[in-house]
Amino acid sequence: MVSAEVAREYLEKVADLLLEFSQADTSVKSYMCSQSLLNRLFQMFNRIELPILLKILKCIDNLSTDPNCLENLQRACN
């Protein structure tokens, strides 16, 4: 079984990768805006620690600057 600390480290690495990808071009952002990924990100909000949550929120902020992602972001919020 994985310890809580190891799981947190991996979650932080995933958040770092998502943040990096969210700063890429439109084609990468479009792939990131799949409904399944966005739904999972929004479901995690109440379950993750603040430093990781801030990275996820910054990622969503970056995605929201791309007009091609707005519709999927809006659907995921509902």
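Only one entry of I56, I48, I52 meets the criterion of being assigned to a loop (DSSP other than H, G, I, E, B) and touching a residue at least 12 places away in the same chain (Cβ under 8 Å), and that entry is I48.
Of all positions in segment 28-46, at least one carries a residue that is at pLDDT below 95, loosely packed, with under 13 Cβ neighbours inside 10 Å, over 12 Å from the mean Cα position of the chain (by Cα) and under 18 Å from A7 (Cα atoms). Residues of segment 59-78 that are loosely packed, with under 15 Cβ neighbours inside 10 Å, assigned to a helix (DSSP H, G or I) and polar (S, T, N, Q): N68, Q74. For A24, the conditions (1) small (G, A, S); (2) surrounded by fewer than 17 Cβ atoms within 10 Å (Cβ to Cβ); (3) out of contact with any Asp or Glu (no Cβ under 8 Å at 6 or more places or on another chain); (4) part of a helix (DSSP H, G or I) are fulfilled apart from (4).
The values are calculated or read from the model by the stated rules, or taken from the named source; none is laboratory data. Everything quoted here is computed from the prediction, not taken from an experiment. Cβ atoms come from the backbone with ideal geometry, glycine included; neighbour counts cover every protein chain shown.
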